[in-house]
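Encoded as structure tokens, the structure appears first; notes follow it.
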Amino acid sequence: MLPNFRLGEYGIYGERAIVPARSLLTPPAGLSTVEAASIWMQYFTALAIIDVAHAGVGDYVIIRAASSSVGVAAIQLANWAGAVSIATTRNGAKAAALEQQGAKHVIATEETDLVAEVQRITGGKGARVIFDPVGGPEVEKLAQAAAEEGIIFIYGGLSGKPTLFPHWPAALKSLSIKRLGVFLHLESPGAFRAQPPTDPTGTGLRPSEARHCAHVSACADRRGASLHGVESTCR
């Protein structure tokens, strides 16, 4: 069941509940009803990386508080889209676990200069997408680590401290700072109407793979030659 209705509109604290039919979904294959009910929030929150920021091949995504359930979902979705996930955590104790969950890079912010390390990882570009549930004074550093026209999602206030607008980095880089409208999306009519599986590229590839192949083909066209050893993977 998805809570795509206002809090308190229906009583659901119980083993059985009466809810709108539009709130019910069939559990994904391989998951029990309990497992399916336990994961929707993490992934619909992190889905902003895909649906709003359109992260893809060549993008770097900073995921703050990455060891949380939403953080792990964000790592998986960023990787699925073909982006490079950069997980942050306060110290290195969780680095191995985050790498096991798929993080391409892990930055321990109490042990390493965040901005300098992001610049090193991205070759000076910065991260185009930043996903932050913490807020607080460190948002200034996140803005400094962002790429030009980057997007910073602030979807929580775990720091408990005021989150000031990072004026100069935002102005100089044309940054966007966004909130997440998860419940607004959930309340959209037909937002989760079942759809048959589609393959819009006609290639049988994941979106990240299809974008990669399109990029390779475009480069080859511009250069007037094929990129040997790379284009063959796209056939």
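The values are calculated or read from the model by the stated rules, or taken from the named source; none is laboratory data. Being a predicted model, the structure only gives us computed values, none of them experimental. Reconstructed Cβ throughout: ideal geometry from the backbone, glycine too, with neighbour counts over all protein chains shown.
Annotations for the structure displayed:
- Filter result for GLN101 (of a type in the set (S, T, N, Q), on the phi < 0 side of the Ramachandran plot and within 17 Å of the chain's Cα centre (by Cα)): yes
- Strands (runs of 3 or more DSSP E) lying entirely in the stretch 24-131 (those with 3 or more residues that are surrounded by 24 or more Cβ atoms within 10 Å (Cβ to Cβ)): 60-63, 84-89
- Test set (1) under 30 Å from LEU24 (Cα atoms); (2) of a type in the set (D, E, K, R); (3) over 16 Å from the mean Cα position of the chain (by Cα) - GLU138 fails condition number: (1)
- Identity of the residue in the stretch 156-176, without any contact (Cβ under 8 Å) to a residue 60 or more places away in the chain and of a type in the set (A, V, I, L, M, F, W, C), that ends up surrounded by the most Cβ atoms within 10 Å (Cβ to Cβ): LEU175
- Near pairs, Cβ below 7 angstrom, 6+ apart or cross-chain, from the stretch 1-23 (part of a loop (DSSP other than H, G, I, E, B)) to any residue that is among the acidic types (Asp, Glu): ASN4/GLU187
- Test result for SER68, at pLDDT below 90, small (Gly, Ala, Ser), out of contact with any Phe, Trp or Tyr (no Cβ under 7 Å at 6 or more places or on another chain) and under 30 Å from ALA108 (Cβ atoms): no
- The one condition in (1) in the same structural domain as ILE130 (by TED's automatic domain parsing); (2) of a type in the set (Gly, Ala, Ser); (3) within 27 Å of GLY135 (Cβ to Cβ) that GLY58 fails to fulfil: (3)
- Positions within the stretch 137-171 being in a helix (DSSP H, G or I) and of a type in the set (A, V, I, L, M), in sequence order: VAL139, LEU142, ALA143, ALA145, ALA170, ALA171
- Filter pass, ARG179 being at pLDDT below 95, surrounded by 13 or more Cβ atoms within 10 Å (Cβ to Cβ), out of contact with any Pro (no Cβ under 9 Å at 6 or more places or on another chain) and within 22 Å of ALA78 (Cβ to Cβ): no
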